[in-house]
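The values are calculated or read from the model by the stated rules, or taken from the named source; none is laboratory data. Every value quoted in this text rests on a predicted model; they were computed, and no experiment measured them. Neighbour counts are summed over all protein chains in view; Cβ atoms, including those assigned to glycine, are modelled from backbone coordinates with ideal geometry.
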C-alpha cells in the first residue's frame, strides 16, 4: 500500500487538488448570494485596474487615483440618473399615450369616435390634427387587409367580425390583462426578493464599492503573489497561458463596454438626425442588446420599423434610413470596432455566445450573465492549450486549414 502511494503520489496530489477545487466551487455556489458581490467586485476591479496602474506609473499615489476614479464614476452615475433616465421615462410615457390613448378630443355627440369639426383638447405631437393611437391604426390596417383578402378570395373569406370580437371583446382583454398582471406580479416579486431586499442593499450598495476599493489597491500584488506559487519548471508556460486568458478577458470586458456605449450613442444620434421619435429609447436598447451579436436587429430595428410604420405609414425614406443605420452599425461592429477594440482573441460563434449567456444566467443570475462569455472564452483557450494537443497526440489526427491543406502542429 505504501509503495502504491509513493508511485502514484503526484497523481493523488492532483486528484486531491481537483476534489478540493470542486468542493470549493460547490461551497461558493451554495452561498452565491454572499459571494456574488465579491466576484462582481473582482470583475469591476479587473476592468478598472489599468487606469490606477497608469496613474501610479505617472507618480500619482494609487489611493488618490482610486478615489479620483470613484468620483468620476459617481459623477457619471448621477448624470445618468438625473438627465438620461428622466428623458427615457418621458419618451416611454409619450410612447404609451401614442400607442394606446391618442389625442384627447371633445366628444360632442358621445359616440366615442373622432368626428370632423370636434375640438382637440390635447394634441400630443402638436401637428394641429387628430391622431389615432397606434393600436387603432393597426386595427384599421388589419381590417383593410382582411377586406382585401375577402375581395380577392371570395371562396375563402376571413370573418372580420369574429377576429374583432376575439381581439377587442371584454373577456379577451380581461384575459390578456390578467395574464400580464400575473406575469408582472411574478416578475416584480422575483426582482424584489433577489434585488431589493435589505441584504442586497447591504451587499451591493455598501460592500460592493468597499470590496472594489481594496481589490483595486492590491490587484497587482495579487497577480505577483499568484505567479510566485507556480512551479519553476512550468512557470513560463503557465504565465503564457494566463496572458492569453488575460488578453481575452480584458479585451472582452473593456472592449464590449466601449462598443456598447459607441453603438448606443451612434444609434441615438443617427435616429435623432433622421428626425424620428423615441431615438433615446432605441439608443438605450441598442446599448444593452449589443452584448449579444445581432440581437439588436430583433429587439431594436424590428420595433423601430413597426413604430415608424404606425406613425408615418409606408414612408420609405424613414424605413430605408432605419435599415441602413442598423445595418451600418452592425457592419462597423463586425469589421471595425471588434478588430480594433477587442482584437481577435475573443472571436466566438454567435450561437456559442447565446448559449453561454443562457446557461450563465440560469445558474448564477446577474453574475452568470456577466461572466458567461469570459468563462466560455477561458475554457476555449484552455482546451486549445491542453485538450486539443493531447487529442491530436492520441488520435494521430492533423487539423486542416480552410483550403484543405494539413496544418503543421508543434
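Looking only at region 293-333, count every residue that is closer than 28 Å to residue 126 by Cβ, modelled with pLDDT under 80 and in contact with a helix residue (DSSP H, G or I) (Cβ under 6 Å, 6 or more places away or on another chain) and tell me the total.
Adding up the residues that qualify gives 2.
On the given criteria, is residue 242 at pLDDT 80 or above and in contact with a helix residue (DSSP H, G or I) (Cβ under 7 Å, 6 or more places away or on another chain)? Step through it out loud before you land on a result.
Numbers: at pLDDT 80 or above: yes; in contact with a helix residue (DSSP H, G or I) (Cβ under 7 Å, 6 or more places away or on another chain): no.
Answer is no for this residue.
Could you list, in sequence order, the residues of region 124-145 that are more than 36 Å from the chain's Cα centre (by Cα) and either on the phi < 0 side of the Ramachandran plot or assigned by TED's automatic domain parsing to the domain that holds residue 303 (or both)?
127, 129, 130, 143, 144, 145
Taking the options 61, 37, name whichever one is out of contact with any strand residue (DSSP E or B) (no Cβ under 6 Å at 6 or more places or on another chain), surrounded by fewer than 14 Cβ atoms within 10 Å (Cβ to Cβ) and over 30 Å from residue 129 (Cα atoms).
61
In this structure, is residue 51 modelled with pLDDT of 85 or more and within 22 Å of residue 374 (Cα to Cα)?
Against the criterion (modelled with pLDDT of 85 or more and within 22 Å of residue 374 (Cα to Cα)), residue 51 qualifies.
Please state which of the following conditions residue 98 fails to meet, knowing it meets all the rest: (1) touching a residue at least 40 places away in the same chain (Cβ under 8 Å); (2) more than 18 Å from residue 308 (Cβ to Cβ).
Among (1) touching a residue at least 40 places away in the same chain (Cβ under 8 Å); (2) more than 18 Å from residue 308 (Cβ to Cβ), residue 98 violates only (2).
Output the residues belonging to region 103-148 that are touching a residue at least 24 places away in the same chain (Cβ under 8 Å) and either touching a strand residue (DSSP E or B) at 6+ places or on another chain (Cβ under 8 Å) or part of a helix (DSSP H, G or I) (or both).
103, 105, 130, 134, 135, 136, 137, 138, 139
Only one residue in 281, 239, 258, 247 is surrounded by fewer than 21 Cβ atoms within 10 Å (Cβ to Cβ) and over 19 Å from residue 373 (Cβ atoms), so which one is that?
Matching residue, one of 281, 239, 258, 247: 239.
Which count do you get for residues in region 304-329 that are without any contact (Cβ under 8 Å) to a residue 12 or more places away in the chain and in a helix (DSSP H, G or I)?
Number satisfying all stated conditions: 9.
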